[in-house]
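Scroll down for the structure; my scribbles are underneath it.
The values are calculated or read from the model by the stated rules, or taken from the named source; none is laboratory data. Not measured: the values here are computed from a predicted model. When we count neighbours, we look across all protein chains shown, and the Cβ atoms used for this are built from the backbone with ideal geometry, even at glycine.
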Amino acid sequence: MWVRSASQEDLETISKMLTETWHDTYDKIYGREKVAELTSKWHSVPALKQRLNKPLSEFIICDDGAEIGGMAYASQTDNETTMLHQLYVRPETQGQGLGRTLLIEVEACFPDVRKIRLEVEEANERALKFYEANGFKVVGSTPDCGVKGSGIPAAIMEKVIW
Ligand SMILES: CC(C)(COP(=O)(O)OP(=O)(O)OC[C@H]1O[C@@H](n2cnc3c(N)ncnc32)[C@H](O)[C@@H]1OP(=O)(O)O)[C@@H](O)C(=O)NCCC(=O)NCCS
């Protein structure tokens, strides 16, 4: 697997990968129906396309030439902060270092930025442990993970780079 920028041709596959990963991760927390509703809205090809060419942002994937194993999307929100909006690894390729590889690449993409911030569902223990193992600390919480009004509570984590 190597890391590269996502292109328009990848979006259909990324959309399917996100749907699969979301059901695997969140069905037990939100229920299958709610996950289907959220993922069809947030991970449709048109929704992903909006992120492709956004300024001060990086949309990257892990690819072995045959399939996409994971993706990350991050954007710079101010002079000192990068927001990691999405980090997802397909269920069958989790635990093989892809998440860590994508995280390192996100850090490298924003060399002038002092810290990385993210929001993570508090019941998603695996992700919380993963981020803690990779230098993030919980610094607060939000009632609206992802988008304003989502009603999904989440922990806010930060990693100070320098
Ligand atoms: C969370 C996620 C991105 C991690 O990616 P991954 O490729 O599975 O993780 P990696 O294999 O890179 O793990 C790197 C390190 O994190 C730590 N880690 C990973 N899973 C862990 C766990 N369950 N418990 C404790 N530490 C863990 C370990 O230190 C691991 O290093 P190791 O090589 O010594 O085992 C991935 O599992 C995923 O996509 N999960 C579902 C979706 C999700 O929750 N995304 C995050 C939304 S905010």
Legend entry - Selection from segment 66-88 of residues that are closer than 19 Å to residue 111 by Cα and β-branched (Val, Ile, Thr): 77, 81, 82
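Take the residues in segment 56-65 that are away from the ligand (no atom under 15 Å from the Cβ) and either closer than 22 Å to residue 23 by Cβ or modelled with pLDDT of 95 or more (or both); name whichever of them is surrounded by the most Cβ atoms within 10 Å (Cβ to Cβ). Outline the logic, then answer.
Filtering segment 56-65 down to residues away from the ligand (no atom under 15 Å from the Cβ) leaves 56-59, 65.
When the remaining residues are screened for being either closer than 22 Å to residue 23 by Cβ or modelled with pLDDT of 95 or more (or both), the result is 56-59.
Values: 56: 12, 57: 18, 58: 20, 59: 22.
In this case the residue turns out to be 59.
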Inset, instruction - Considering only segment 23-44, state which residues are surrounded by fewer than 15 Cβ atoms within 10 Å (Cβ to Cβ) and part of a helix (DSSP H, G or I). - result: 27, 28, 29, 32, 33, 34, 37, 40, 41
Inset, instruction - Look through segment 1-22, keep the residues that are surrounded by fewer than 17 Cβ atoms within 10 Å (Cβ to Cβ) and acidic (Asp, Glu), and return whichever of them is nearest to residue 124 (Cα to Cα). - result: 20
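Please find, among 132, 122, the residue that is touching a helix residue (DSSP H, G or I) at 6+ places or on another chain (Cβ under 9 Å), acidic (Asp, Glu), free of Cβ contacts under 8 Å to residues at least 40 places away in the same chain and within 11 Å of the ligand (Cβ to nearest atom).
Values: 132 fails: touching a helix residue (DSSP H, G or I) at 6+ places or on another chain (Cβ under 9 Å).
Every option except 122 fails the conditions.
Within segment 125-135, is even one residue of a type in the set (S, T, N, Q), over 13 Å from the mean Cα position of the chain (by Cα) and closer than 19 Å to residue 3 by Cβ?
Keep residues of segment 125-135 that are of a type in the set (S, T, N, Q), which gives 134.
Restricting the remaining residues to those that are over 13 Å from the mean Cα position of the chain (by Cα) gives 134.
Right, trim to closer than 19 Å to residue 3 by Cβ and you get 134.
Yes, because at least one residue in segment 125-135 is of a type in the set (S, T, N, Q), over 13 Å from the mean Cα position of the chain (by Cα) and closer than 19 Å to residue 3 by Cβ.
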Legend entry - Count - residues of segment 101-119 that are part of a helix (DSSP H, G or I), within 12 Å of the ligand (Cβ to nearest atom) and either without any contact (Cβ under 8 Å) to a residue 12 or more places away in the chain or more than 15 Å from residue 3 (Cα to Cα) (or both): 1
Inset, instruction - Scan segment 1-21 for residues that are in a helix (DSSP H, G or I), in contact (Cβ under 8 Å) with a residue 24 or more places away in the chain and not hydroxyl-bearing (Ser, Thr, Tyr) and report the count. - result: 8
Inset, instruction - Can you give me the number of residues within segment 79-100 that are surrounded by fewer than 17 Cβ atoms within 10 Å (Cβ to Cβ) and within 6 Å of the ligand (Cβ to nearest atom)? - result: 4
